[in-house]
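The values are calculated or read from the model by the stated rules, or taken from the named source; none is laboratory data. All values reported here derive from a predicted model rather than from experimental measurement. Every residue, glycine as well, gets a Cβ built from its backbone with ideal geometry; the counts of neighbours run over all protein chains shown.
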Amino acid sequence: MSKEQNLPTVDRFAPAPDEPDIDNSLTDFSATDLHRTWRDRVIHDNNDFIVGIAASSQTPISGTGKTTLAVKLAEHFDQTDRGFVARDKAALDAGTVANDLIPDLQPRSAVVFDEAQGTLGDDGVDSRRGMASSVINMARAAAQFRKRQHTLLLVTQSTDWIDSRMMELLDRLILIQEKNARKGFARAIVFDQYKRDLPGGNQSTRTPAIEEVRWGPCDRDSRNYAELDRMKEQATDSSQGEEEDNSLTKDQQAELAQSLRDEGWTLRQVADHRLIEYSYSWVNENTEANSDE
């Protein structure tokens, strides 16, 4: 018997053993179809790029790494001199995104709209509130300002909660498949989303799977993740509605908001006033602009 016959058999197609360094398996976003599609839309076509990020039926709706992925993609796609800064380019309120961020930010900015389904303190684009002004304004802004070459990352607990008009604007949809805390990464599948015309004028939505992506946690000192975390904590605190902690009732806040508008304050300045605990959209719907504006 030859020596070669005594050698152990090696299965070339067997899965490789787990690597201790999980960084080897994390996705390089610059090498993905997601990046190539973004480049074609934003850089070459002078268009915007809208990505939805949501949990799938395979995962819980929270704690799956959606916000972490949004931060990493925003930092990757933002082409401005300062890069992505969550304090200036992220929000949980549809009114803020539609009226402040999308129209006013420098072209080729990345914008994160987290908790897009809405919170108790902020308006989202909930499919059950399809005629609400926040939903209408958000869809209109996303469509109207597509030539500003923004990358809009819309993060939600579930795609079922997002209004159909916003879903139709998505260029890519990312559904979380797994978060492996032991190995330190999360995994998702990226889907294309487009309409296919059928005979008789009907349309059919197609969502073919394109690729899988993996990412690790944000750095411990990530200011962008910390800022989004702060926004969500603030939304949770305000939703508890402890009126005794605020010296003004809702009606009094409405009167204050209107008086500030009469003095020439902008909607954003009013919404940020320390005694106004409601969102930009609420201020917009409950006040009238100064006649001199």
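Tabulated values for the structure
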{"item": "Count - residues of region 83-113 that are farther than 18 Å from residue 38 by Cα and among the small types (Gly, Ala, Ser)", "result": "6"}
{"item": "Qualifying residue in region 230-239 (condition: at pLDDT 85 or above and surrounded by 15 or more Cβ atoms within 10 Å (Cβ to Cβ))", "result": "yes"}
{"item": "Residue 61 being modelled with pLDDT under 95 and either surrounded by fewer than 17 Cβ atoms within 10 Å (Cβ to Cβ) or basic (Lys, Arg) (or both)", "result": "yes"}
{"item": "Region 260-269 - residue that is of a type outside the set (A, V, I, L, M, F, W, C) and part of a loop (DSSP other than H, G, I, E, B) and, of those, surrounded by the most Cβ atoms within 10 Å (Cβ to Cβ)", "result": "266"}
{"item": "Failed item in (1) touching a strand residue (DSSP E or B) at 6+ places or on another chain (Cβ under 6 Å); (2) modelled with pLDDT of 95 or more; (3) over 25 Å from residue 193 (Cβ atoms), with residue 51 passing the rest", "result": "(3)"}
{"item": "Residue in region 270-279 that is closer than 21 Å to residue 234 by Cα, within 23 Å of the chain's Cα centre (by Cα) and assigned to a helix (DSSP H, G or I) present", "result": "yes"}
{"item": "Matching residues, region 197-229, being in a helix (DSSP H, G or I) and either at pLDDT 80 or above or within 17 Å of the chain's Cα centre (by Cα) (or both)", "result": "223, 224, 225, 226, 227, 228, 229"}
{"item": "Residue ID - farthest from residue 110 (Cα to Cα), chosen from residues in region 143-161 that are aliphatic (A, V, I, L, M) and within 12 Å of the chain's Cα centre (by Cα)", "result": "155"}
{"item": "Residue, farthest from residue 164 (Cα to Cα), within region 82-135, restricted to residues that are at pLDDT 90 or above and charged (D, E, K, R)", "result": "82"}
{"item": "Meets criteria (at pLDDT 80 or above and either surrounded by 12 or more Cβ atoms within 10 Å (Cβ to Cβ) or within 30 Å of residue 68 (Cα to Cα) (or both)) for residue 257", "result": "yes"}
{"item": "Any hit, region 280-291, residues being modelled with pLDDT of 85 or more, out of contact with any Cys (no Cβ under 6 Å at 6 or more places or on another chain) and loosely packed, with under 14 Cβ neighbours inside 10 Å", "result": "yes"}
